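K.L.:
Attaching a single structure in structure tokens format; questions to follow.
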Amino acid sequence: MIRALVLSGLAVVAPLGAAAHQLVVFASVDCVAVSVEAKFSNGKVTQQGDVRILDGENNLLTTLQLQSDGTAQVPLDSVDHSGGLLIEVDTGSHDNYWIVTPEDIARKCGS
Amino acid sequence: MKRLFLTASLATLMAAAPAIAHYGMIIPNDPMIAQEDGRSVALTMSFSHPFEMDGMMLDTPVSFSVTHEGTTTDLLGSLRDATVMDEQGYTLDYPLERPGTYIFAMEPQPYWEPAEDAFIIHYTKTYVTAYGDDEGWDTELGLKTEIVPLSKPFGLWEHNVFQGIVKMDGEPVPYAEVEVEFFNDGAGATAPDELMITQTVKADAGGVFTYAAPSDGWWGFAALNTADYTLTEAASGQEKAVELGAVIWVHFEEWPGQ
């Protein structure tokens with residue numbers, strides 16, 4: 001379902017179905033890396049899961065593993081981020097996403 | 001004689017009419033900001049009779065702040081002048097850098113209300129959640145007087161109940177009186193009786209009150225108590241009572257089912 005997402009202009013499909021406790025995915029960015037954070041809505045840290053990084057055309061760029069503290073780092077120079085990035089986190093039983101837009105990156109890089 | 005009678009009748013009518021409730025207001029464009037909504041929230045601050053959409057002047061507040069993840073940030077200098085309900089108010093666009101609950105709070109200057117022979121200070125707040133993370137929804141700010149939510153103060157369906165604890169100086173206020181009023185912005189709601197413009201509930205012995213909103217939209221809850229101090233009214237030089245209001249604004253969502 002996430003793959004149907006269109007990055008441009010944040011015109012996305014409807015959010016994923018809600019579970020009793022949802023997975024909250026967030027990514028912040030600076031000029032060096034994208035910092036991915038995942039936790040459950042009850043506050044518990046997501047200790048494991050796949051982190052898939054897709055480009056603005058919905059192409060899979062790389063897959064990482066969440067660290068035990070619920071974070072992952074994506075060096076910006078390791079991915080083509082010109083069209084923005086879609087960050088998917090999938091624990092097997094829960095999944096969700098965050099979109100890093102080109103504007104997010106530009107704002108943090110001061111350009 | 002006739003004039004005297006008319007004057008007396010009007011005075012009687014005015015005394016019998018229910019007091020119109022004043023509300024400090026902090027209204028965001030959306031109480032639940034998703035990533036698709038952008039990266040900021042737009043706030044509008046005012047002082048009004050919200051059911052009647054009757055604005056009053058809101059002087060530059062004493063304080064205006066946001067609290068997120070335990071950190072409070074002063075935003076007073078970021079407020080922009082605006083006209084709200086034909087009176088002085090303020091707006092603010094605030095960037096939401098991280099997920100979680102942001103609590104915006106305002107302490108206004110004391111408002112002299114001759115009709116009540118008292119000053120009014122409404123400590124006003126509203127809760128905004130960002131990016132699907134509701135952590136912090138029950139945060140107590142430690143205001144002079146405050147309604148601490150027992151129901152999550154966003155994401156409520158219409159007809160749900162909202163519960164909160166009325167506190168003064170950090171302690172529950174037994175049997176506190178809470179006035180409830182609908183922000184009638186674009187809703188066109190009418191009241192068949194003036195008594196129904198402002199509804200009133202009382203808290204229990206633990207300061208807990210409950211209210212079920214009859215429709216979606218913004219609802220203001222104002223717990224009113226008299227301060228243990230007075231302020232000097234400039235024109236008369238007399239000491240006057242101070243009404244302390246703990247105000248929280250809560251949005252109820254339209255039920256989409258049949």
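K.L.:
Evaluate peptide A:24-31: per residue, the Cβ atoms of other protein chains within 10 Å of its Cβ; return the mean as an integer.
P.N.:
3
K.L.:
Non-local amide H neighbours of A:Leu61 (under 5 Å, H modeled in plane, Pro and chain starts lacking H): which ones?
P.N.:
So A:Leu61 has HN proximity to A:Ile53, A:Leu54, A:Asp55.
K.L.:
Restricting to bridges with both residues inside segment B:20-253, how much of the DSSP beta-bridge set is antiparallel, in percent to the nearest 5? Kindly include the intermediate steps, with their values, before the conclusion.
P.N.:
Numbers: 75 of 88 bridges.
DSSP beta bridges in segment B:20-253 are roughly 85 percent antiparallel.
K.L.:
Additional query: Suppose each label sits 7 Å from its Cα in the direction of the beta carbon; what would the B:Asp30-A:Ser82 distance come out to in nanometres?
P.N.:
3.0
K.L.:
Cα-Cα pairs above 33 Å in segment B:20-253: how many percent?
P.N.:
Numbers: 3007 of 27261 pairs.
It works out to 11 percent of all Cα pairs.
K.L.:
What does the C-alpha gyration tensor say about the overall shape of the protein assembly as shown? Classify as rounded when a/c is under 1.5, otherwise prolate if a/b is larger than b/c, or oblate. Could the numbers behind the result be given before it?
P.N.:
Numbers: a/c = 2.42, a/b = 2.26, b/c = 1.07.
Prolate, because a/c is 1.5 or more and a/b exceeds b/c.
K.L.:
Taking H placed 1.01 Å from N in the peptide plane, check which residues at least 5 places from A:Asn96 or on another chain put their amide H under 5 Å from its amide H.
P.N.:
For A:Asn96, the qualifying residues are A:Val89.
K.L.:
Let me ask something else. Under a plain spin-label model, where a point goes 7 Å from the Cα along Cα-to-Cβ, how far apart in nm are B:Ala212 and A:Val32?
P.N.:
Modelled inter-label distance: 5.6 nm.
K.L.:
Can I ask one more? Rank-order B:168-178, A:85-95 by packing density, defined as the average count of other C-beta atoms within 10 Å over each peptide's residues, highest first. List each step's numbers first, then the result.
P.N.:
Details: B:168-178: 16.1, A:85-95: 19.4.
Descending packing order for the listed peptides: A:85-95, B:168-178.
K.L.:
Next up: Kindly rank B:24-31, B:181-188 from highest to lowest mean number of other beta carbons found within 10 Å of each residue. It would help to have the intermediate numbers written out before the result.
P.N.:
On the way: B:24-31: 21.1, B:181-188: 15.8.
Taking the mean over residues of other Cβ atoms within 10 Å, the ranking is B:24-31, B:181-188.
K.L.:
Taking a ≥ b ≥ c as the square roots of the eigenvalues of the Cα gyration tensor of segment B:162-258, is the shape rounded (a/c under 1.5), prolate (a/b larger than b/c) or oblate? Walk me through the intermediate numbers first.
P.N.:
Numbers: a/c = 2.70, a/b = 1.59, b/c = 1.70.
Cα axes put segment B:162-258 in the oblate bin.
K.L.:
Report the net charge of residues surrounding A:Thr101, where surrounding means a beta-carbon distance below 10 angstrom and charges are Lys +1, Arg +1, Asp -1, Glu -1.
P.N.:
Working: positive: A:Arg107, B:Arg39; negative: A:Glu103, A:Asp104.
Taking every Cβ under 10 Å from that of A:Thr101, the sum is 0.
K.L.:
Using a 10 Å cut-off on Cβ atoms, rank the peptides A:52-62, B:36-46 from the highest mean neighbour count down. Please list the in-between numbers first.
P.N.:
Details: A:52-62: 16.1, B:36-46: 18.5.
Highest-to-lowest ranking by the protection proxy: B:36-46, A:52-62.
K.L.:
Other chains' Cβ within 10 Å of B:129-136 residues: what's the mean?
P.N.:
Numbers: counts 0, 1, 4, 11, 8, 5, 5, 1.
Mean shielding count: 4.
K.L.:
OK, next. Which entries in A:Lys39/B:Lys167; A:Lys44/B:Lys152; A:Lys39/B:Lys152 show an alpha-carbon gap greater than 29 Å? Walk me through the numbers before you get to the answer.
P.N.:
Values: A:Lys39/B:Lys167 32 Å; A:Lys44/B:Lys152 19 Å; A:Lys39/B:Lys152 19 Å.
The answer is A:Lys39/B:Lys167.
Quick note: the coordinates plus some simple rules give every number you see, no bench work behind them. The shown structure was predicted, so the numbers you read here are calculated from the model rather than taken from an experiment. Heads up, the Cβs are rebuilt from the backbone with ideal geometry, glycines too, and the neighbour counts pull from every protein chain shown.
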